[in-house]
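Structure first, then comments.
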Amino acid sequence: MIILKEVKRNLINKLDFSESEVSVFINGIIEISTLYEPMGDVNFILYKPDSLVLETALLGSADVLVTGDKRDLLPLRSFGTVIIEPPSALLVRLGY
């Protein structure tokens, strides 16, 4: 759940979502997702929360990791078989 806490924090602090909007969004994610709890086994990035994100993407066999993290994650462009891209690239990929 550490990553969902990070999503919540970013939605509130960076995107000005309300607590209730975030609650609805997070509950929607939980309903359609398989949740993986990272154990801290991946230490590829010094910033621990970003390493946990990478580990979760690998555990979940993610195809794409969508992030706004320009410091640590986006510069990697990929990690194993996981493509790392910003939200704008995902929207283009989806035809928006």
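The values are calculated or read from the model by the stated rules, or taken from the named source; none is laboratory data. If you're wondering where the values come from, they're calculated on a predicted model, not measured in any experiment. Every residue, glycine as well, gets a Cβ built from its backbone with ideal geometry; the counts of neighbours run over all protein chains shown.
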Pairing a residue in region 73-96 that is at pLDDT below 95 with any residue that is in a strand (DSSP E or B), where Cβ atoms lie under 7 Å and the two sit 6 or more apart in sequence or on different chains, gives Pro87/Val66; Leu90/Val64; Leu90/Val66
If we keep only residues of region 60-86 that are β-branched (Val, Ile, Thr) and surrounded by fewer than 15 Cβ atoms within 10 Å (Cβ to Cβ), then the residue nearest to Val7 (Cα to Cα) is Val64
Counting only residues that are surrounded by 15 or more Cβ atoms within 10 Å (Cβ to Cβ) and in a loop (DSSP other than H, G, I, E, B), region 34-59 contains a total of 4
Checklist entry - Does Val7 satisfy the condition of being modelled with pLDDT under 95, in a helix (DSSP H, G or I) and over 14 Å from the mean Cα position of the chain (by Cα)? => result no
Expected output for region 1-24 (first residue within 24 Å of Pro38 (Cα to Cα), partner of a type in the set (Phe, Trp, Tyr) and outside any helix (DSSP H, G or I), Cβ below 8 Å, 6+ apart or cross-chain) is Leu11/Phe17
Within region 9-21, the count of residues that are under 18 Å from Pro87 (Cα atoms), of a type outside the set (Phe, Trp, Tyr) and surrounded by 10 or more Cβ atoms within 10 Å (Cβ to Cβ) comes to 5
